[in-house]
1. Can you report the number of residues in the stretch 267-298 which are touching a Gly at 6+ places or on another chain (Cβ under 8 Å) and at pLDDT 95 or above?
2. Assigned by TED's automatic domain parsing to the domain that holds ALA181 and in contact with a helix residue (DSSP H, G or I) (Cβ under 9 Å, 6 or more places away or on another chain), is that true of THR44?
3. Report those helices (runs of 4 or more DSSP H) wholly inside the stretch 303-411 carrying at least 1 residues which are surrounded by 15 or more Cβ atoms within 10 Å (Cβ to Cβ) and touching a Pro at 6+ places or on another chain (Cβ under 6 Å).
4. Select from the stretch 335-375 the residues that are under 18 Å from the mean Cα position of the chain (by Cα) and hydroxyl-bearing (Ser, Thr, Tyr) and write down the one among them that is nearest to ligand 2 (Cβ to nearest atom).
5. Quick check on the stretch 1-15: of everything there that is open to solvent by 10 Å² or more (accessible area, probe 1.4 Å) and in contact (Cβ under 8 Å) with a residue 24 or more places away in the chain, which residue is farthest from ARG158 (Cα to Cα)?
6. Restricting to the stretch 311-331, name every residue that is away from ligand 3 (no atom under 16 Å from the Cβ) and within 24 Å of the chain's Cα centre (by Cα).
7. Given the condition β-branched (Val, Ile, Thr) and out of contact with any helix residue (DSSP H, G or I) (no Cβ under 8 Å at 6 or more places or on another chain), answer yes or no: does some residue in the stretch 186-208 qualify?
8. I'm checking my understanding of the structure. Among residues of the stretch 101-130 that are part of a strand (DSSP E or B) and touching a helix residue (DSSP H, G or I) at 6+ places or on another chain (Cβ under 8 Å), which one is farthest from ligand 3 (Cβ to nearest atom)?
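The values are calculated or read from the model by the stated rules, or taken from the named source; none is laboratory data. A quick note: this is a predicted structure, and the numbers were derived from the prediction, not measured. Here Cβ is always computed from backbone atoms with ideal geometry, including for glycine, and neighbour counts include all displayed protein chains. The area values use the complete protein model at the heavy-atom level, side chains included, leaving out ligands, DNA and RNA. Shrake-Rupley method; radii C 1.70, N 1.55, O 1.52, S 1.80 Å.
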Amino acid sequence: MNAITTEALAKKVMDWCDQLAAISSNPENISRFYLTPEHKRCNTLVAQWMREAGMETWVDAAGNLCGRYGAQEACAKTLILASHLDSIPNAGAYDGILGVLIAIAVVEQLYQNNITLPYAIDIIGFGDEEGTRFGSTLLGSRAVAGTWNPAWWKLKDRAGISLQKAFIDFGLQPENIHSAARNPDDLLAYLEVHIEQGPVLEDENLALGIVTAIAGARRFAIEIQGYAGHAGTVPMPMRKDALVGAALGIVLVEDVAKEFNVVATVGKIECGPGAVNVIPGHAKFTIDIRSGDDQLRDQALAKIQHELDLICIERNLTASWNEIHNAPAVVCADWMQSLQASVLCDMNLNPYKLMSGAGHDAMAMADICDVAMYFVRCKGGVSHHPDELVTVEDVALAIEALGNTLKKLAQ
Ligand code: HGY
Ligand code: MN
Ligand code: MN
């Protein structure tokens with residue numbers, strides 16, 4: 001049986017993406033969240049594809065799907081190829097899963113050519129990179145990195161289900177979470193393929209890019225407390241309108257981000273009691289703020305906090321800040337970037353290097369090993385949107401580049 005071609009594998013990966021897109025909690029779009037029935041169905045289907053590629057599979061103590069392609073010797077180190085299988089609500093079909101599926105395609109090519117390497121390959125489909133269900137993020141990869149924070153057990157989803165209960169409902173034992181942690185001494189490196197989620201590669205007319213660093217991100221849930229009142233009787237100067245306070249805060253976030261040249265987003269807002277004829281007594285909104293420079297990001301954050309305090313004082317409101325995520329900026333390993341550059345040069349491709357504004361599981365894995373990423377061009381740079389799109393030709397190039405990287409690493 002002659003081995004499957006890269007082009008055929010790329011078509012297979014695109015078909016796999018379509019199959020996973022159908023596994024969603026919302027039939028109208030792609031929504032697949034951590035520790036849900038959809039997560040389980042996705043793990044089951046991807047595990048089948050891993051086994052067809054000659055891998056043994058298991059689900060680790062954090063619900064991550066894992067597959068192993070053995071080395072020539074038992075005591076060899078392990079290269080981790082990974083990305084995430086969860087999505088945001090109303091997601092595109094490639095964010096996260098493309099990297100897991102391209103890794104499986106490359107292992108299938110090795111398997112069909114009876115090639116084993118002087119290191120083992122573990123492919124991990126992380127269960128929660130986006131943090132959609134519980135607010136925090138990188139939970140799956142943090143468990144693998146051994147940096148699990150017990151405070152997370154109390155995190156609750158919109159239905160009030162705690163992370164701890166969700167573990168038990170999924171069939172996991174929270175007390176075993178530490179068994180998901182990898183021993184850094186066993187690891188060769190971590191390598192992730194992911195769509196760029198930005199317009200740079202398309203602008204440069206390039207299919208692939210080498211990631212130099214990943215921006216550091218901090219996320220907060222902010223509660224503004226005012227005083228609910230009658231919309232018809234409370235004079236304007238006497239109001240403690242929490243929603244107006246939040247609205248001024250949202251505009252402040254954008255103004256300060258532009259001033260400091262960082263990126264900051266208010267992605268969620270809610271207020272209460274939520275009646276047309278009641279002055280909102282409380283409001284909640286989130287901030288996601290990022291920069292390649294953690295210090296600059298934190299200076300911008302300090303200004304936002306100070307200015308929001310002034311808004312609250314002027315309007316007799318109070319603001320409480322709850323940090324739900326903090327990931328420092330991460331630099332990709334120089335030796336891996338050089339190896340990636342030589343792979344792309346050998347393929348007569350431009351070894352183009354760029355920073356990632358989006359967060360990735362590589363940020364968590366950087367705590368225990370050297371990390372590297374390839375970016376794949378995505379149409380219009382669109383992501384976190386159903387219009388997310390890659391071409392089968394670019395996927396074929398990514399499969400070829402990853403396969404060549406594994407072979408070069410073996411040397
Ligand atoms: O938010 C991010 O940067 C990533 O897509 N989770
Ligand atoms: Mn994402
Ligand atoms: Mn992603």
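1. 14
2. Details: assigned by TED's automatic domain parsing to the domain that holds ALA181: yes; in contact with a helix residue (DSSP H, G or I) (Cβ under 9 Å, 6 or more places away or on another chain): no.
Judged against the criteria, THR44 is not a match.
3. Working: elements: 334-346, 362-365, 392-410.
Qualifying helices (runs of 4 or more DSSP H): 334-346.
4. Only one residue tops the list, namely SER356.
5. The first filter runs over the stretch 1-15 and keeps only residues open to solvent by 10 Å² or more (accessible area, probe 1.4 Å), leaving 1-8, 11-12, 14-15.
Okay, now just the ones that are also in contact (Cβ under 8 Å) with a residue 24 or more places away in the chain, so 1, 3-4, 6-7, 11-12, 14.
On the way: MET1: 51, ALA3: 48, ILE4: 45, THR6: 43, GLU7: 43, LYS11: 38, LYS12: 36, MET14: 32 Å.
Going through the qualifying residues, I end up with MET1.
6. TRP321, ASN322, GLU323, ILE324, ASN326, PRO328, ALA329, VAL331 - these are the residues of the stretch 311-331 that are away from ligand 3 (no atom under 16 Å from the Cβ) and within 24 Å of the chain's Cα centre (by Cα).
7. So in the stretch 186-208, the residues β-branched (Val, Ile, Thr) come out as 193, 195, 200.
Among the residues that remain, those that are also out of contact with any helix residue (DSSP H, G or I) (no Cβ under 8 Å at 6 or more places or on another chain) are: none.
No, the conditions are met nowhere in the stretch 186-208.
8. Restricting attention to the stretch 101-130, the residues satisfying the condition of being part of a strand (DSSP E or B) are 120-126.
Now restrict to residues that are touching a helix residue (DSSP H, G or I) at 6+ places or on another chain (Cβ under 8 Å): 121, 123-126.
Details: ILE121: 21, ILE123: 16, ILE124: 14, GLY125: 12, PHE126: 9 Å.
My answer is ILE121.
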